[in-house]
Amino acid sequence: MLNGSLAFLRTPDMSDVQFMLDIENDERYWHLSGNTSPFSTEDIERFVTESASNLETDHQLRLVIIDIATKNRAGLLDVFEYNPLHKRAGIGIFLHEEFRGKGLAADALRVLIQYLFKIVQLHQIWCNVLVENNSSMQLFLKAGFEQTCIKREWIFHDNQFHDEATLQFINPNHRV
């Protein structure tokens, strides 16, 4: 478990299956995850039971964001495309609407960055954000990420193409 001041992060267990299923199967967000079809309960259960919850083993890590104040599940953090050779990984965050604007995402992201830089000793982390998603852009920029490129007309959603920004955060304390 990774503790922040507003949120703590933990690996999913079987009690989280419906929570994750509801997020994964919400078509409003498929354009962000690349999903094109729904997951079954069995798919999510298999993910939870077969995951080692270890970057070295799975090359990905899913964490459930828990709101400390309410003890409710607030969202998910994903670390993906972990590359131990190049010491980098991608990250993504999802926060339910009722938990947005309260500093929870920023706190969860801060805790994850500390873990990835200090414990895993990554050289860099990166994320992709739709350019028009101002709140996500601000979240990552305030956390220390820098926008390094724009992929023009990268995401097709709502019958139009959208630009996607790539943001990177280079670990200032990483030594080779």
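The values are calculated or read from the model by the stated rules, or taken from the named source; none is laboratory data. These numbers come from a predicted model, not from an experiment. Glycine gets a Cβ as well: all are built from the backbone with ideal geometry, and neighbour counts include every protein chain shown. For accessibility, only protein heavy atoms count, side chains too; no ligands or nucleic acids. Shrake-Rupley method; radii C 1.70, N 1.55, O 1.52, S 1.80 Å.
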### Task
Among what's in the stretch 36-71 and is touching an Asp or Glu at 6+ places or on another chain (Cβ under 9 Å) and over 29 Å from Gln121 (Cβ atoms), pick the residue that is surrounded by the most Cβ atoms within 10 Å (Cβ to Cβ).
Ile44
## Note on the structure
Of the residues in the stretch 11-61 that are in contact (Cβ under 8 Å) with a residue 40 or more places away in the chain and under 23 Å from Pro84 (Cβ atoms), the one that is nearest to the chain's Cα centre (by Cα) is Leu61
### Tally of residues being within 14 Å of the chain's Cα centre (by Cα) and either surrounded by fewer than 21 Cβ atoms within 10 Å (Cβ to Cβ) or outside any strand (DSSP E or B) (or both) across the stretch 115-126
3
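Among the candidates Thr41, Thr70, Thr57, Thr11, which residue alone is farther than 28 Å from His162 by Cα and in contact with a Ser or Thr (Cβ under 7 Å, 6 or more places away or on another chain)? I'd like the intermediate steps shown before the answer.
On the way: Thr41 fails: in contact with a Ser or Thr (Cβ under 7 Å, 6 or more places away or on another chain); Thr70 fails: in contact with a Ser or Thr (Cβ under 7 Å, 6 or more places away or on another chain); Thr57 fails: in contact with a Ser or Thr (Cβ under 7 Å, 6 or more places away or on another chain).
Result: Thr11 is the single residue among Thr41, Thr70, Thr57, Thr11 that is farther than 28 Å from His162 by Cα and in contact with a Ser or Thr (Cβ under 7 Å, 6 or more places away or on another chain).
Got at least one residue in the stretch 24-33 being in contact with a strand residue (DSSP E or B) (Cβ under 6 Å, 6 or more places away or on another chain) and over 22 Å from Ala143 (Cβ atoms)?
Yes - at least one qualifying residue is present in the stretch 24-33.
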### Query
Which residues, counting only those in the stretch 135-159, are closer than 15 Å to Leu32 by Cβ and either open to solvent by 30 Å² or more (accessible area, probe 1.4 Å) or free of Cβ contacts under 8 Å to residues at least 60 places away in the same chain (or both)?
Ser135, Ser136, Met137, Leu139, Phe140, Lys151, Trp154, Phe156, His157, Asp158
### Message
Being open to solvent by 20 Å² or more (accessible area, probe 1.4 Å), modelled with pLDDT under 95 and out of contact with any His (no Cβ under 8 Å at 6 or more places or on another chain): is that true of Gly92 here?
### Response
no
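Conditions (1) more than 21 Å from Gln60 (Cα to Cα); (2) among the charged types (D, E, K, R); (3) at pLDDT 95 or above, marked per residue:
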site: Tyr115; (1), (2), (3): no, no, yes
site: Leu130; (1), (2), (3): yes, no, yes
site: Lys151; (1), (2), (3): yes, yes, yes
site: Ile170; (1), (2), (3): no, no, yes
### Task
Report, by residue number, each residue of the stretch 1-26 that is outside any helix (DSSP H, G or I), open to solvent by less than 60 Å² (accessible area, probe 1.4 Å) and charged (D, E, K, R).
Arg10, Asp26
